[in-house]
Amino acid sequence: MPKSTKIVPPDTTRVIEGFRDTGYTFEAAIADIIDNSIGPGEASNVAVTLGLDAAGNAVVEVIDDGVGMDLDRLENAMRYGAERQANPNSLSKFGLGLKTASTQFCRRLLVVSRPRGASTSFAAAWDLDTVATTGNWVLEHDEADEAEGVMLDDALAELADLSESVQDGGTLVSWAKIDRLLKTQGGKEARNRSLAMKRTEANLRDHLRMVFQRFINPSDSRARNVNIFLNGEQLPAWDPFMENCGGDLVMTKDFTFEVPGGESHTAKLRAFILPRKDEISDLDVWKEARISLNLQGIYLYREDRLIDGPSWLGTGAAETHINNLRVELTFDALLDGVFGVGIKKSGVHIDGALIEVLMDLLAPIRREADKRSRVGKAKTSAAKTNGNRPTEVTLGRLKGKLAVPTISRSSDGTVVMVNKTGDVPVIGSDGEPSGIVNITVDDEFASMNIVRRESLMDGVLWDMSLSTNNILQVELNAGHEWYQKAYLPIAGNSTMVQAIEFLFYAVAQAELDATNSETREMFEELRVDVSRNLRKLVKDLPSPDSNDDE
């Protein structure tokens, strides 16, 4: 006798609140929304607006000039688990991205859309507070009211100005009740919301330039060209492989897989070793490449969109001597099962057999990248004498007597900074930096304690980083006005130079000794505020002669 069955509906409120914790980063969330614009939306232009309103509340909007949606299509787009796209190669996958990506950060998601050639706009909204109050999947869903229509019209008008084209229809995604965006690594509210928003914008800019590289590069024929704007600025593509700027293509390989139904599909691999700094005449080109520990590895592309990486995907650990090695691996959506693509289209679970093949394939390439790096390091080490500066000599002699944090490396590759707060993670066993301490790859300065940089992030006067020689370095911004007007004029006075550099070293090391995931943001804000104030204070000081450097 068959067992009895019963339909047990899930708790609506707990389910929709649970979808808020799918693990999206803000950058991945916005990229998922843009996927909808480019894929089913067929947009040619997409603009993202990110900032703070007059009351200090976060503002996030995405507008596109795609085909738009009528009421039925809009309802389907807002359904959790929307119908499958007719095109199996669409950037969209599970029909969850728009909703889960948005509600990871906001409690109200509004979508306003107008089909091309139509005069009527439509709107739909998920309000998590309404769902919680009613206990039902209550979707606001109707013709757009006057305010919603104005929002769409204004956004389309702005997009028309940016793209210099006529916008006949499109879709606006707008977040409200944003409660999870401007947070510290420890999950607390950012103290300086303006600074936190600027960093969020900078991170998003880098992410979109990388993820949609093939779409926003007009000379890349692999993907349909799309213009993406962020706060009014058109984003240029960022090519990790420097194909037209010295990147050396050292391997190409095709992998053929059979998918259900008997069809065969091919994934393509290309490996590049980027030139060293001493091999490039244009320093700006080298800076744009952003050669670093966290940008080496495999870049995994699905339907010409970066979905994972850079990381080594279990094929090996990140190592400082292969920072110039970057690998491109491309597949289409019908191979999702092989590459384990999930809801977020970021973070994959590759078949173990493929990982073993990749490990064997990449082993000689890793050795070659390591060899080229070490050759360059030997050349620069022979040419540099900055380690003999008086400051460096004194610090080398006395550092052991100072109260400064230390670096500890484990056999599995884990790196921690040991300070008075405890063990602070710097690099994980997978080779990925924690982000708490900066990692530098300028090997010619790896043995120095104080390094001068042309510029530093956020325009700060000083910062700290871990060198490839395990030295916690202090970095001075040679482009800062205080450096130019207060430090350079006394550069010929060795005693004064040492005194100033000792002061920066002591302050910076004290910061590091108290830095962890909870305090990092506070120290960053302190450096920004001090640097900004010093810039104002020295404004009227005379500028030094351009030759007054050591």
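Here mean projected area of the Cα convex hull in nm² was calculated from the structure, and among (i) 27.6; (ii) 24.3; (iii) 31.9 it sits at label (iii).
Dipole of the chain computed with +1 at Lys/Arg Cβ and -1 at Asp/Glu Cβ about the Cα centre; of GLY97, THR200, LEU172, farthest Cα towards the positive end is THR200. Accessible area per residue for the chain is 47 Å², calculated with a 1.4 Å probe on protein heavy atoms, without ligands, DNA or RNA.
Projecting the Cα positions of PRO9, ALA491, VAL418 onto the charge dipole of the chain (unit charges on Cβ atoms of Lys, Arg, Asp and Glu, taken about the Cα centre) puts VAL418 furthest along the positive direction. Relative protection proxy for 40-50, 463-473, from highest mean packing down: 40-50, 463-473 (other beta-carbon atoms within 10 angstrom).
Estimated from the Cβ-Cβ distance and a Förster radius of 56 angstrom, the FRET efficiency linking ASP254 and MET1 is about 0.50.
Rg and Dmax of region 120-275, both derived from C-alpha coordinates alone, stand at 21.8, 60 Å.
Counting only Cβ charges, +1 for Lys and Arg and -1 for Asp and Glu, the dipole size of the chain around its Cα centre is about 1940 debye. Other residues whose C-beta falls under 9 angstrom from the C-beta of LEU249 contribute a net charge of -1, scoring Lys and Arg +1 and Asp and Glu -1.
A dipole drawn for the chain from +1 and -1 charges on Cβ atoms has a positive end, and of MET151, ALA124, THR22 the residue lying farthest that way is THR22.
Annotation: extensible slack from ILE355 through VAL530 equals 58.2 nm (criterion: 0.36 nm per residue apart, minus Cα-Cα distance). Using the rule -39500 (n - 2.57) for each DSSP H run of four or more residues, divided by the residues of the chain, the 222 nm mean residue ellipticity is -10000 deg cm²/dmol.
The values are calculated or read from the model by the stated rules, or taken from the named source; none is laboratory data. Remember, predicted model here, so these are calculated numbers, not experimental data. In this analysis, Cβ positions are derived from the backbone assuming ideal geometry, glycine residues included, and neighbour counts consider all displayed protein chains. We work out accessible area using only protein heavy atoms, side chains counted, and drop any ligands, DNA or RNA first. Shrake-Rupley method; radii C 1.70, N 1.55, O 1.52, S 1.80 Å.
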